[in-house]
Amino acid sequence: VNAVVPPGLALEKALQWAETIAAFPRETMLADREALHQGLGRPLAEGLAIERRLGITTLETAREGAGRFAAGQGRGGQGIPA
């Protein structure tokens, strides 16, 4: 994650990003983190295979989140700060 911000605002932006990331489901964030660690330095095809393997374990969480979104929760511009 990166962003260009005016001088003196880096900590504030970093905290915004941290709060946004922390709001995601824990199991999906841990799977993404593990995919990063396992895939670092590997060819793209290997990295994508690792991400697919680890991502499969979080499909139920994704399904639940998609259901909540379809029901109208999380809409209205909420998400990653600009």
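The values are calculated or read from the model by the stated rules, or taken from the named source; none is laboratory data. All values derive from a computational prediction rather than experimental measurement. In this analysis, Cβ positions are derived from the backbone assuming ideal geometry, glycine residues included, and neighbour counts consider all displayed protein chains. Heads up: the accessible areas ignore ligands, DNA and RNA and are worked out on the full protein's heavy atoms, side chains in. Shrake-Rupley method; radii C 1.70, N 1.55, O 1.52, S 1.80 Å.
Among the residues of the stretch 1-54, count how many are among the aliphatic types (A, V, I, L, M), touching a helix residue (DSSP H, G or I) at 6+ places or on another chain (Cβ under 7 Å) and more than 25 Å from Ala66 (Cβ to Cβ).
Looking only at that region, the number is 2.
May I ask you to list the residues in the stretch 48-65 that are open to solvent by less than 60 Å² (accessible area, probe 1.4 Å) and modelled with pLDDT under 95?
Listed by number, the residues that qualify are Leu54, Gly55, Thr58, Thr61, Ala62, Gly65.
Would you say Ala45 is of a type in the set (A, V, I, L, M), open to solvent by 50 Å² or more (accessible area, probe 1.4 Å), part of a helix (DSSP H, G or I) and modelled with pLDDT of 95 or more?
When the stated conditions are applied, Ala45 passes them.
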